[in-house]
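Shown next, in structure tokens, is the structure this report addresses.
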Amino acid sequence: MIHEKSPYLLQHAHNPVNWFPWGEEPFKIAQEKNLPLLVSIGYATCHWCHVMERESFEDPDLAKLLNDHFVSIKIDREERPDIDSIYMKAIQAMGQQGGWPLNVFITPEGIPFYSGTYFPPEKRFNLPSFTDVLIFLTKTWLNEPEKIKKQSEALATAIRESSEREATTDTTETLDFDGEDKAAKLYDSHYDSLNHGFRFQPQNKFPPSMGLSMLLRHYHRTETTSSLEMTKSTLRAMKWGGIYDQIGGGLSRYSTDYRWLVPHFEKMLYDNSLFITALIETFQVTGHQEFADYANDVLHYIDRDMTSGEGGFFSAEDADSEGVEGKFYVWSKEEVESILGRQTSSIVIPFFNITKEGNFEHKNILNQTNTYQDLAKKLGLTEDTVITEVNTARKKLLQERSKRIRPLLDDKVLTSWNGLMISAMAKTGRVLEDTNRIAKAEKAMKFILSTLKTPEGKLLRRFRDGEARYDGYLFDYSSIAVACLELYEATYDTKYILEA
């Protein structure tokens, strides 16, 4: 494990658990010793992966149980989405909700027979303790092998049938828009008119950026005003909400509430890429400058925190710092007043809804509910004064925040996610006639094609620490092809057409 490049695998390299990377060796050992395998799948910025590591995988007693009775494999799902997809089907076939960490117990032939996500160290959340799970499976493996065989065969059949259904698609000789119309109606039926966004899940709200781009296409074709209004309101709600980093820029992975207030603080490159695309497309449709400004704000974050010296884009930033979720991002009222002084604080505190009590663990997740104009009226100030003070405060708070211990940066470069960001940058540069932005998109593409493309023309999946590895997947090829088309539209350089 210590020789791997994945930040996630390296996080676990010094656990007392005897982890193996995916490969022939762990399966050979399992067959020779007649042991089941634990396949534990996650990624470097996964909050609950960190929790389970601290609670279970760093526990010497639990590690001994694993080492004595199982062969344990760690997988970075962002490096091996193919394996993750297969075993995610297994947990869903068992009627469970998928997520990460994904812990799947398999036979030496690779067939799953038991699975789960996060397991606590003691029984809680209506979940068994991880120790109890391991003891139960050890006894079942030794004493009831037929039960294991029956369960694994049933799951193998379920996975195979699921894959066959996915591979079977209806084709038509002519293109129609029936699917888009149905999708627009579905989004409309789930629209949250109070908080904006769409309530597809019982509690969490994920950024629906691709859905918003679809709604914009629907509006462009049908002039259905609700499709445009849902898009504008949702983008504005996300940009103003706690899900967006009001000081440093960048969108978090999802909101844990309907109001877009309390995020799961990790930031993913692909979320921000799709967010930028939806914003700049909304600017194209409406001409409203706020959406172009929002897109540029996200891009400034990408330039500052998520771009390598060679031009490629990093994968993600963690939710946790110093072992605490969100610690890097939240503020007390006293901190803000001390940093900004009385005059600026009198404007910034109401602008960002900062209170003494706070809205998250007695601290404040900054969020916006007033326009500059509305707050100026309330305070008896000019709009320009409010804008100037808020922008000054952002710079001061960002500088002060930079002194804190940062969350982990997952600095691997993924081909597919880079394709998404290159597309977003190229489109933004073209629409806003920003040649500097186009140049950055071209630099990133040059890095991808020179580093992650083989002499035979194959794309590789991941680059980190000087190593390009793993065959590319369909998502890698398609995202780079689309990015090349976006770069052609931005530059009219035919080399991008040929590359696509």
Which residue, of 358, 341, is surrounded by fewer than 23 Cβ atoms within 10 Å (Cβ to Cβ), in a loop (DSSP other than H, G, I, E, B) and free of Cβ contacts under 8 Å to residues at least 40 places away in the same chain?
358
Could you check, for the stretch 466-475, whether at least one of its residues is surrounded by 24 or more Cβ atoms within 10 Å (Cβ to Cβ) and at pLDDT 95 or above?
no
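Only residues that are surrounded by fewer than 17 Cβ atoms within 10 Å (Cβ to Cβ) and small (Gly, Ala, Ser): list them for the stretch 21-52, please.
First pass over the stretch 21-52, keeping only residues surrounded by fewer than 17 Cβ atoms within 10 Å (Cβ to Cβ): 23-25, 28-29, 31-34, 48.
Result: 23, single match.
Take residue 450 and tell me if it is of a type in the set (S, T, N, Q), in contact with a helix residue (DSSP H, G or I) (Cβ under 9 Å, 6 or more places away or on another chain), assigned to a helix (DSSP H, G or I) and farther than 17 Å from residue 429 by Cβ. Even if it seems obvious, please write down each step before you answer.
On the way: of a type in the set (S, T, N, Q): yes; in contact with a helix residue (DSSP H, G or I) (Cβ under 9 Å, 6 or more places away or on another chain): no; assigned to a helix (DSSP H, G or I): yes; farther than 17 Å from residue 429 by Cβ: yes.
For residue 450, the condition - of a type in the set (S, T, N, Q), in contact with a helix residue (DSSP H, G or I) (Cβ under 9 Å, 6 or more places away or on another chain), assigned to a helix (DSSP H, G or I) and farther than 17 Å from residue 429 by Cβ - is not met.
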Here's a check for you: in the stretch 361-385, which residue that is of a type outside the set (S, T, N, Q) and part of a loop (DSSP other than H, G, I, E, B) is farthest from residue 397 (Cα to Cα)?
380
Tell me whether the stretch 56-73 contains one or more residues that are closer than 16 Å to residue 464 by Cβ and part of a helix (DSSP H, G or I).
no
Options 44, 30; residue that is under 19 Å from the mean Cα position of the chain (by Cα) and hydrophobic (A, V, I, L, M, F, W, C):
44
Does the stretch 319-362 hold any residues that are touching a His at 6+ places or on another chain (Cβ under 8 Å) and either closer than 30 Å to residue 446 by Cβ or of a type in the set (S, T, N, Q) (or both), and which are they?
332
Just one of 38, 9, 66 is in contact (Cβ under 8 Å) with a residue 12 or more places away in the chain and over 19 Å from residue 132 (Cβ atoms); which is it?
9
What do you reckon, is residue 228 assigned to a helix (DSSP H, G or I) and buried (at least 20 other Cβ atoms within 10 Å of the Cβ)?
no
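The values are calculated or read from the model by the stated rules, or taken from the named source; none is laboratory data. Owing to the predicted nature of the structure, the values given are computational and were not obtained by experimental measurement. When we count neighbours, we look across all protein chains shown, and the Cβ atoms used for this are built from the backbone with ideal geometry, even at glycine.
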